[in-house]
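For reference, the structure is listed below as structure tokens.
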Amino acid sequence: MESRFLIMYISPDIITVQMNTIARISAIWALLWLLPWAAPSLTAQQIEPASAAASGDIHGKISIAATAGSKSGHMHDPLLERYGAHHAMPDDTLNVSAGSVQTRLSDKTVVYLESRELNEKHYPVPAKRPLLDQRGLQFHPQVLPILLGTTVEFPNRDNLFHNVFSYSKTKPFDLGRYPKDDSRSVTFDKPGIVRVYCDIHSHMNATIIVLENPYFAAPDGNGTYAIQNIPEGTYTIVLWYDRDVVERRVVQVRSGQSTELNFTR
Amino acid sequence: MTLNRSLLVCLLCSVPLRGAAQVTLGGQVSADFLKSAPTQSQRVFNAGRPTFGWEAELFADGRITDNVAFLGTVRITDDEYVHIDYLAVRIADLTPLGLTIQAGEFDLPFGNLGERRYPRRNPFFHLPLIHEYRTALSDYLPGEPYLAGSKGRGNGMHLLDEGMYDVGAMVSGSYGILDYAFALSIGTVSATGYGAQNINSDLGKVFRLAVTPMTGLTLGAAYAWGAYLYEQSQPTPRNVDVNSYQQQAAEIDIEFSRGHFVMNGQAVYNTWPVPLADRDVNLSVFGYYLEGRYTLFPGFYLALRSSGLRFADALLQGVNQPWDYNVTEWEGAAGYFLDRDVLLKLVRTETRIWGGTTPKDNLTALQLVVAF
């Protein structure tokens, strides 16, 4: 029955899905409502642990217009303008070109799956630590999805101090000031959203999304993404852009199939 | 507001209307509760009665092209005065030397106070003592009896005029690890033209050089000079031109940071030549402050600042003595960021004035700052 509630919750977003996907999801929706006694068994079948035979992929392309706006890009630091470096600050909101939009898209965009069933399992933490670079007075990437328990490295690539910190309830930390080519790390042991800033350069910001399952992906420079080896089932796929969730949809993953799901905003 | 300031405001405000400038707005608002000792010194608020206060800074910045921008800061205080602290056009990275030119109203490049002018970045409640304490010397050509009788009254000039906001033009730039700046303004570092027109025929000059030998350490030095007396004070006792009485100030400053520790300090030596009825006298003062801030855990810091003013001896009314009372001040602060842009701080200030009737003062301030 939990699956039904999940679908009810996100159902308004279904209207944005492509027509064939709508038809497919509508069929499941109707089935669950018309045959309520069948729902538990269907759900149970769908959340079986992933195996090579019972898993599928989701892939697609994300296109976000430059005019969609960037909250992080608008973060302006008047004090840095007055008392910072003499040269002009890098500001990606003021010099948007077609090429740079795609680059920023890969830096600021993530898709991930929401599912209580997926979250209840335990997943091995990746051995390679993901990086949140401080480079050119910006964080790269500006949105970083990680699996719960992951340790993130924060290397400083700039020839000046940065002071990375977060006051988020999920994981408050303050790494202090450290020079170029030095790094500090933080392990994220609670799921949730962690807003990351630099205490010296107020315009710098990033978001770490601490997820309970490993089914997430960031698009490449062309906006193409793929989430692979997902257990067969029906999930909510979330599109995160810049500072917030911008879209949720329901997607059904079928064994041995790759479902195409494109996002355009 | 005087005519030239009105024109400046109109000129700068018209910039975004004519072009494609992108204007960004921001600001800081602070509300505070103050309780000082019930004494009579200039460091006392409201005769020691508990008092609430507030202050707001509003920023309006715009970029006209990649290299041309305008910057504006308006400060409103609880006395309901509107101060224009910053209103300047900046042309950055001029080729081939990479110079930046700024014209309008800005703060003079004397020292490294920088963004600590603003409550969100100031770990304490006050600016350093050398920016706020008023000496016995007025820029209205004080007579010898007045000067000798003004010790500790706080009727005169600051050593450094609060935020040192002044109207003028500045050229600045960098060369490797060196930063340099040269500014011309209508006032001097202790008698700025802030909120007024030029008071004499001279311009204030400030030259600053800073070096950053390693990340986290910046050493700076500056020299400033210029006439500081009002021309309305003419004629001087011996008919000497007031513009020949040139204030001279030299300073060194340091900023060091590493890990969770940040330290700033400044030492200033200043001298004002003063025309008296029968002779000139040089009034000199040495001022300093050293402050440190340490972040104990995310969002919580402790800070300590030591400041002082040491007045040199001068022969006044037949007695060779310090021309004002020396001052020593200690400030301790604890601050906690309730949110990234919300700071609550508790500050205690202890002031010792080495002379007069109120040798000890103190102030306790609880301040809430919100940046947006």
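Conditions (1) of a type in the set (S, T, N, Q); (2) modelled with pLDDT of 95 or more, marked per residue:
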{"residue": "B:Thr218", "(1), (2)": "yes, yes"}
{"residue": "B:Ser244", "(1), (2)": "yes, no"}
{"residue": "B:Phe256", "(1), (2)": "no, yes"}
{"residue": "B:Asp278", "(1), (2)": "no, no"}
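If a residue has to be surrounded by fewer than 17 Cβ atoms within 10 Å (Cβ to Cβ) and among the aliphatic types (A, V, I, L, M) to count, how many in region B:38-55 make the cut?
Total satisfying the criteria: 1.
I'm told B:Ser172 meets every condition in (1) farther than 17 Å from B:Glu105 by Cβ; (2) open to solvent by less than 20 Å² (accessible area, probe 1.4 Å); (3) more than 17 Å from the chain's Cα centre (by Cα) except one. Can you identify the failing condition by its number?
(1)
Would you mention how many residues in region A:144-161 are open to solvent by less than 10 Å² (accessible area, probe 1.4 Å) and modelled with pLDDT under 95?
0
Give the number of residues within region B:147-168 that are open to solvent by less than 50 Å² (accessible area, probe 1.4 Å), closer than 21 Å to B:Gly193 by Cα and either among the hydroxyl-bearing types (Ser, Thr, Tyr) or away from chain A (no Cβ under 14 Å) (or both).
11
If you check B:Asn112 against the conditions, is it in contact (Cβ under 8 Å) with a residue 40 or more places away in the chain and of a type in the set (S, T, N, Q)?
yes
Report whether or not A:Lys180 is in contact with a strand residue (DSSP E or B) (Cβ under 8 Å, 6 or more places away or on another chain), within 19 Å of A:Leu147 (Cβ to Cβ), assigned to a loop (DSSP other than H, G, I, E, B) and not hydrophobic (A, V, I, L, M, F, W, C).
no
Kindly indicate whether B:Asp253 is in a strand (DSSP E or B), among the acidic types (Asp, Glu) and either more than 14 Å from chain A (Cβ to nearest Cβ) or on the phi < 0 side of the Ramachandran plot (or both).
yes
Assuming B:Gln321 fulfils every condition listed in (1) closer than 15 Å to B:Lys151 by Cβ; (2) in a strand (DSSP E or B); (3) in contact (Cβ under 8 Å) with a residue 24 or more places away in the chain apart from one, which condition is it?
(3)
Among (1) within 11 Å of chain A (Cβ to nearest Cβ); (2) open to solvent by 10 Å² or more (accessible area, probe 1.4 Å); (3) in a strand (DSSP E or B), there is one condition B:Leu184 misses while meeting the rest; what is its number?
Evaluating B:Leu184 over (1) within 11 Å of chain A (Cβ to nearest Cβ); (2) open to solvent by 10 Å² or more (accessible area, probe 1.4 Å); (3) in a strand (DSSP E or B) leaves (1) as the failure.
Would you tally the residues in region B:51-69 being at the interface with another protein chain (Cβ under 10 Å from one of its Cβ atoms) and either in contact with a His (Cβ under 9 Å, 6 or more places away or on another chain) or of a type in the set (D, E, K, R) (or both)?
5
Look at B:Asp139 and say whether it is within 18 Å of B:Gly195 (Cβ to Cβ), open to solvent by less than 50 Å² (accessible area, probe 1.4 Å), part of a loop (DSSP other than H, G, I, E, B) and touching a residue at least 40 places away in the same chain (Cβ under 8 Å).
yes
Restricted to region A:109-143, and to residues that are in a strand (DSSP E or B) and in contact with a His (Cβ under 6 Å, 6 or more places away or on another chain), which residue is least open to solvent (accessible area, probe 1.4 Å)?
Ranking the qualifying residues of region A:109-143, first place goes to A:Gln134.
The values are calculated or read from the model by the stated rules, or taken from the named source; none is laboratory data. All values reported here derive from a predicted model rather than from experimental measurement. Reconstructed Cβ throughout: ideal geometry from the backbone, glycine too, with neighbour counts over all protein chains shown. Keep in mind that these areas ignore ligands, DNA and RNA; they rest on the heavy atoms of the full protein, side chains included. Shrake-Rupley method; radii C 1.70, N 1.55, O 1.52, S 1.80 Å.
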